[in-house]
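The values are calculated or read from the model by the stated rules, or taken from the named source; none is laboratory data. Only a predicted model underlies this, so the values are computations on that prediction, with no experimental measurement involved. Cβ sites come from the backbone with ideal geometry, for glycine too, and all protein chains shown count toward neighbours.
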Amino acid sequence: MSEPTGTRGIIVEGTGGVWRVRTADGEERDASLAGRLKQEMRGHLKLAVGDHVIVEPDERDSGWRIGTIEPRTSVLARREPGGRYGERVLAANIDQVLVVFSVGKPEPHVRMIDRFMVICEANDLRTHLVLNKIDLPVDPSFVDELARPYLAAGYPVHRTSVKRGDGLEEMRSVLHGRVTAFTGPSGVGKSSLLNALYPELKLRTQEVSQSVNKGRHTTVGSKLIPLPDGDGGYLVDTPGLREVGMWNLPSTSLDQCFPEFKPFLGECRFQDCMHDVEPGCAVRAARALGAIDRVRYESYLKLRSELTDAERNQ
């Protein structure tokens, strides 16, 4: 098969008819999907930030069109919000995800953290947990307890403060040369954190609403941003998410998305063990001995129930 002609690029922004494409020479061009490609994609694939494409001149209007979408190596995806059925891809072809939560204003919710971590695991993405705003007057033991089960599960955990500069140098080394998605709820300080890491970005930020202790959305759609240090890395700034639904994850595979469960999987008496009430369950035995965190185990049970209910309804 012959190589497609045109100019290779990467989708950096866009949510519909027109997409901004950054080519290897650093130029950015607005391009629409070629008609033929629209027909081929109908009902199968939607473009996303991070997709690698080939653009070509569109003789009809002296603009540019996307003629080819190259195969993806990875995606960060969740269920469509609002109870709708379907997948929403937040970013494609990423190397890692930094899940950002604040230690206060808004308060962190462990169940929500676990949802994010499970989605990343289901998409087979390396994941870091970032606990931001540690300059707030929060008991350090609370932060230690929040981080403990994720460190035990093998996740890198970073503690950061925009105001004091805590953890920023470590974060830069994590981002160096990689395509990294920043995700998390609204108001946790993702855009402020990126501005502190790279002041040249000048991303828009807003304060947390005092009345409801929730963040306002400042990023409307995902955006791919080249790292200013010129090392070839990118940042994906994603919208603040207030609703995080799992997509295309069978309930029987959920246990694989909890890394601390893995040493005990396959050791249960029953091959189809759900790690709930079954006798001879190695996961429950590990939980009883303290090898698995109680709150993480409870998150597993809650998420499994949710997935099972969804499978029945479908």
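For residue 130, the requirement of being buried (at least 19 other Cβ atoms within 10 Å of the Cβ) and either outside any loop (DSSP other than H, G, I, E, B) or hydroxyl-bearing (Ser, Thr, Tyr) (or both) is met. Please tell me if residue 126 is of a type in the set (D, E, K, R), in contact (Cβ under 8 Å) with a residue 60 or more places away in the chain and closer than 20 Å to residue 236 by Cα. When the stated conditions are applied, residue 126 does not pass them.
Going by the structure shown, is residue 273 touching a residue at least 60 places away in the same chain (Cβ under 8 Å) and not assigned by TED's automatic domain parsing to the domain that holds residue 183? So that I can check it myself, show each step before the final result.
Working: touching a residue at least 60 places away in the same chain (Cβ under 8 Å): no; not assigned by TED's automatic domain parsing to the domain that holds residue 183: yes.
So residue 273 does not fit the description; no.
Would you call residue 35 exposed (fewer than 13 other Cβ atoms within 10 Å of the Cβ) and either in the same structural domain as residue 59 (by TED's automatic domain parsing) or at pLDDT below 90 (or both)? Considered against the rule, which asks whether it is exposed (fewer than 13 other Cβ atoms within 10 Å of the Cβ) and either in the same structural domain as residue 59 (by TED's automatic domain parsing) or at pLDDT below 90 (or both), residue 35 comes out as yes.
Cβ-Cβ contacts under 8 Å between residues 6 or more apart (or on different chains), taken from a first residue in segment 220-237 that is surrounded by fewer than 21 Cβ atoms within 10 Å (Cβ to Cβ) to a second residue that is at pLDDT below 80, are listed as 220/239; 221/15; 221/239. Applying the criterion of being more than 12 Å from the chain's Cα centre (by Cα) and among the polar types (S, T, N, Q) to the residues of segment 102-141, the residue that is nearest to residue 192 (Cα to Cα) is 132. Within segment 256-272, the set of residues being under 29 Å from the mean Cα position of the chain (by Cα) and hydrophobic (A, V, I, L, M, F, W, C) comprises 257, 258, 261, 264, 265. Screening residue 117 against (1) at pLDDT below 95; (2) part of a helix (DSSP H, G or I); (3) surrounded by fewer than 21 Cβ atoms within 10 Å (Cβ to Cβ) leaves a single unmet condition, (3).
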